[in-house]
Amino acid sequence: MRTILCLFAGEIGQKNEEAVMQYDDESTIIHLLSDLYAQHITVGKIMFLYEEFGIGNNGESEVWLMSDMPVLLENARMLCGGLFDRYIKSPEVTSMREINIETYDHKQNCNTSDWKLYYKLLLELQLARNFTKREEYYQSEKYLMKMHEDLIKVLDDSKVLYQQLSQEMRGIFETFLLEYADADQTMIFKILCLSFLLQMSWNPIYVQMIYEETRKDSYTIDHKLYLCNQIKRLTLIHPQMNGGSYISKLYEEIVFYWMNEFSDILKPISCDERNQKKVVVLTLQFLGTHHSPTKTANERIYTIGRLLDHEVLCINTREQYTAKGFLPFYDACIRSIVDDYNGGCRMKHKDYLYDFFQPEVEMPEWKMMRALLMVIREMAPWKVIVLGDRCLLGDLCAEIIPTVCIPMAFSTIPKKDNQYVAVGKQLTDAERLDLAETGYRMSSIIESTFTFELVEQTVKLTREELGLPVNKFLLVVVGIRLDAEVTDEFLKMLEMVYPYNMHVVFAGEFERYEELCEQDEALRQHSTFVGYQKDILALMENCDLYVNPPRVGGGF
């Protein structure tokens, strides 16, 4: 069997028709597309059509591409490689001036091995797109999570291939992938491609593209919150992304939507109507004693409840990295939930018991959001304390009751028009001036100390017991996101100090450590990964200097 994909600009014409018909027989399938706008037929569109027609999936022995657009044929041969067995220029040629694909004319700058890698990358890309088109993945949340896992495996392979490409070829691939995603015309694959390119390059243009993509009617408010959460996470790990302004605009739109939904109950409760003995604490996540935000929540609840003698209701809003509005997003972080906490119960921290509630549904859910707002209205607490930035329930509560936002990264100052913000430091005069000029309401900023109780040291360890060199100056790097935070630039910086009798100790979660050591013999010789340390102080007292990767937070 043989398949021929024919792409013609304008009408076919007699000579082109004769050229096609000479191949017409029982063993040939011809896909004929004519009267096309030449400037819109790009390599990405060719690959899209290749899949749409199922070419190459039915055991055909040969697949050909025929066109009257010479530049298109040349670029298809260059970029699509072995997708087609033959490239045929038809007799009636369209003027090359009509074709707008010169962005791909880079062949002279790329070597053969680059093209082989590029072609492997295209095959991985096809596999990823096939996952996003499978209908069974959209039947339930369970299947969506399965798609997420399958895509991660495919795109992790793609990431390895991408990183091996030359800088020139990366530019070609990025241009191609954007065009290919546009040709697909589905938000699912488009978001996947944009998020992949974002995390390959950390170029803020892709944050802007994701934001602009959400302007389309096909994106629901849940989709927008899901994407907002994913990009917020990436900006914490990679501040150089500069995506904050787009996240803010997207989040403001989400808050505005929900305020309109509940405008009938978002009425302020006056000071004399509120109960001075009651406080509501909202947290985005509540997972366990080794989870820093949960630990911070318990510490503050203990201070408010036991030391200040208030009644505390803690609500886990379950908004952090919610799966509601799920879209395939490269290397997405999906919420962790302790199901045993679902519903209402009593929690204990030290010698203090407090009321706790965790919704059983994926949040934000309309009925549950309204029910929680009604409970808080009826309770009429003295204040609401929100632990973490961009808590939707907290932003709605601020319309009813004075609300204090305490960001988890104590070095950041979120902008809140209707809330107090407790910053974990004393501001300098220059910082106050800068904030005022940026539009912050200075009377709403509370300067404080970010309190955090380190887990008490219970054991004593030696360098020998930890497997660390005895006579080296030890640098310690701690984190649960080291796979993302330990970048090539960070490693190059560390490499500069190896000759000065220095050794790096990585602690936390670092799955890529062995992989990086295989690629970098100097890293293997001058570093040790000690895994997750339950007693961090026992490790710390054996080290000499704490080194913080570029990130928001860390370094306590």
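Within the range 177-231, being among the basic types (Lys, Arg) and either modelled with pLDDT of 90 or more or touching a Lys or Arg at 6+ places or on another chain (Cβ under 8 Å) (or both) holds for Arg215, Lys216, Lys224.
So that you can scan it fast, the table gives a plain yes or no per residue for (1) part of a loop (DSSP other than H, G, I, E, B); (2) touching a residue at least 40 places away in the same chain (Cβ under 8 Å); (3) surrounded by 20 or more Cβ atoms within 10 Å (Cβ to Cβ):
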site	(1), (2), (3)
Leu127	no, no, no
Lys146	no, no, no
Lys153	no, no, no
Ser158	no, no, yes
Gln163	no, no, no
Met169	no, yes, yes
Ile172	no, yes, yes
Phe176	no, yes, yes
Leu194	no, no, yes
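Scanning the range 541-556 for residues being more than 11 Å from Gly479 (Cα to Cα) and either in a helix (DSSP H, G or I) or at pLDDT below 90 (or both) gives a total of 3.
Every residue in the range 196-211 that is in a helix (DSSP H, G or I) and not aromatic (Phe, Trp, Tyr), please. Steps first, please.
Keep residues of the range 196-211 that are in a helix (DSSP H, G or I), which gives 196-201, 205-211.
The answer is Leu197, Leu198, Gln199, Met200, Ser201, Ile205, Val207, Gln208, Met209, Ile210.
Reported count of residues in the range 440-469, each being surrounded by 15 or more Cβ atoms within 10 Å (Cβ to Cβ), modelled with pLDDT of 90 or more and more than 27 Å from His526 (Cβ to Cβ), is 0. Open to solvent by 10 Å² or more (accessible area, probe 1.4 Å), part of a helix (DSSP H, G or I), in contact with a Phe, Trp or Tyr (Cβ under 7 Å, 6 or more places away or on another chain) and not β-branched (Val, Ile, Thr) - does that describe any residue in the range 212-228? Scanning the range 212-228, I find no residue that is open to solvent by 10 Å² or more (accessible area, probe 1.4 Å), part of a helix (DSSP H, G or I), in contact with a Phe, Trp or Tyr (Cβ under 7 Å, 6 or more places away or on another chain) and not β-branched (Val, Ile, Thr), so the answer is no. For the range 526-540, filtering for residues that are open to solvent by 20 Å² or more (accessible area, probe 1.4 Å) and either of a type in the set (A, V, I, L, M) or modelled with pLDDT of 95 or more (or both) leaves 7. Pairs linking a residue in the range 436-453 that is in contact (Cβ under 8 Å) with a residue 24 or more places away in the chain to a residue that is small (Gly, Ala, Ser), with Cβ atoms under 7 Å and 6 or more positions apart or on different chains, are Ile446/Ala422; Ser448/Ala422; Ser448/Gly424; Thr449/Gly424; Phe450/Gly424.
In the range 478-489, of all residues being over 26 Å from Gln164 (Cβ atoms) and β-branched (Val, Ile, Thr), the one that is least open to solvent (accessible area, probe 1.4 Å) corresponds to Val478. Within the range 485-494, if we keep just the residues that are over 15 Å from Lys472 (Cα atoms), at pLDDT 90 or above and in a helix (DSSP H, G or I), the residue that is nearest to the chain's Cα centre (by Cα) turns out to be Phe490.
Hey, could you check the range 389-407 for residues that are open to solvent by 30 Å² or more (accessible area, probe 1.4 Å) and over 23 Å from the mean Cα position of the chain (by Cα) and say which is nearest to Ile445 (Cα to Cα)? This residue is Pro402. Among residues of the range 289-308 being open to solvent by 30 Å² or more (accessible area, probe 1.4 Å) and β-branched (Val, Ile, Thr), the one that is farthest from the chain's Cα centre (by Cα) is Thr303. A count restricted to the range 309-343 and to residues that are open to solvent by 50 Å² or more (accessible area, probe 1.4 Å) and among the polar types (S, T, N, Q) stands at 1. Each residue in the range 195-221 was checked for being in contact with an Asp or Glu (Cβ under 9 Å, 6 or more places away or on another chain) and under 17 Å from Tyr321 (Cβ atoms), and 3 of them qualify.
All of Lys383, Lys425 fail the test of being open to solvent by 20 Å² or more (accessible area, probe 1.4 Å) and within 32 Å of the chain's Cα centre (by Cα), apart from Lys425. In a residue-by-residue description of the range 409-421, the property of being surrounded by 18 or more Cβ atoms within 10 Å (Cβ to Cβ), within 21 Å of Asn275 (Cα to Cα) and not basic (Lys, Arg) applies to at least one position. On the stretch given as the range 107-125, residues that are modelled with pLDDT under 75, open to solvent by less than 70 Å² (accessible area, probe 1.4 Å) and in contact with an Asp or Glu (Cβ under 6 Å, 6 or more places away or on another chain) total 1.
Ser444 - would you say it is more than 30 Å from Val160 (Cβ to Cβ) and among the hydroxyl-bearing types (Ser, Thr, Tyr)? Explain how you work it out, then say what you get.
Values: more than 30 Å from Val160 (Cβ to Cβ): yes; among the hydroxyl-bearing types (Ser, Thr, Tyr): yes.
So Ser444 fits the description; yes.
Select, from Lys232, Lys190, the only residue that is of a type in the set (D, E, K, R) and over 19 Å from Asp156 (Cα atoms). Unique residue meeting the criteria: Lys232. Restricting attention to the range 1-42, the residues that are open to solvent by 40 Å² or more (accessible area, probe 1.4 Å), modelled with pLDDT under 85 and β-branched (Val, Ile, Thr) add up to 0.
The values are calculated or read from the model by the stated rules, or taken from the named source; none is laboratory data. What you are looking at is a predicted structure, and each value in this text was computed from that prediction instead of being measured. Here the Cβ is made from the backbone with ideal geometry for all residues, glycine too, and neighbour counts use every protein chain on show. To get the accessible areas, we keep the full protein, side chains included, count just its heavy atoms, and leave off ligands, DNA and RNA. Shrake-Rupley method; radii C 1.70, N 1.55, O 1.52, S 1.80 Å.
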